[in-house]
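The values are calculated or read from the model by the stated rules, or taken from the named source; none is laboratory data. Because the structure is a prediction, the values reported are computed rather than measured. Cβ placement follows ideal geometry from the backbone for every residue including glycine, while neighbour counts extend to all protein chains displayed. Surface accessibility is based on the protein's heavy atoms, side chains included, excluding ligands, DNA and RNA. Shrake-Rupley method; radii C 1.70, N 1.55, O 1.52, S 1.80 Å.
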Amino acid sequence: EGHKIKPSISVAVDGHITPMGLLEDVESDSEVHFLPAISGGWFMIIVMRTYIPKAGTGGTMMNLLKKVQQAFVDNGFPEIEILRASYGFHGKVQTIQRWESYEDYMDSRDKVRATKEITSLFSEIYPTLQETHFTELFSVV
């Protein structure tokens, strides 16, 4: 409101909720997110990724995503649900992953990138895609 953030909005800078709001120092490459605030700053977050395969690679992509699904569970990360579109883009797949909080999700990103079992599978998935996957974050209200 005006030059102030509504009390119902939290600000996250580089993966951490900040009490400083708009006064928080940021770098030119900082990630800034405005999220609905919930008591204590903790809320369930859903990460949804959309994958659209190149023609002829949908089966390969799906098999690799199923391996990613298992690798996440094997390495202690939340399970990934895989949804295949029955109408719309041919072969479109969306994944949903539920996290206890935005901070948990952001803290996991470096751990996921350091897990060779997961990164090696994504290295195989990327060549099957028309373009890079699209990631969206949703808070459960």
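Structure notes:
- Between Ser120 and Ile96, the FRET efficiency from the beta-carbon distance, with R0 = 25 Å, is close to 0.65.
- Rounded if a/c under 1.5, otherwise prolate or oblate - the stretch 100-141, Cα gyration tensor axes: oblate
- Rg followed by Dmax, in Å, when the stretch 50-141 is reduced to its Cα trace: 13.4, 39
- Area accessible to solvent at Leu23, 1.4 Å probe radius, in Å²: 130 Å²
- Length gained on full extension, Leu83 to Asp25, computed as 0.36 nm times the residue gap minus the Cα-Cα distance: 17.0 nm.
- Per residue, the average separation of C-alpha pairs within less than 8 Å and at least 6 apart gives the stretch 28-113 a relative contact order of 37 percent.
- The accessible area of Val26, taken with all protein chains in place and a 1.4 Å probe, comes to roughly 80 Å².
- Of the listed residues Ser10, Ser86, the order by accessible area with a 1.4 Å probe, largest first, is Ser86, Ser10.
- By accessible area with a 1.4 Å probe, ligands and nucleic acids excluded, highest first: order of Met61, Met44, Met106: Met44, Met106, Met61
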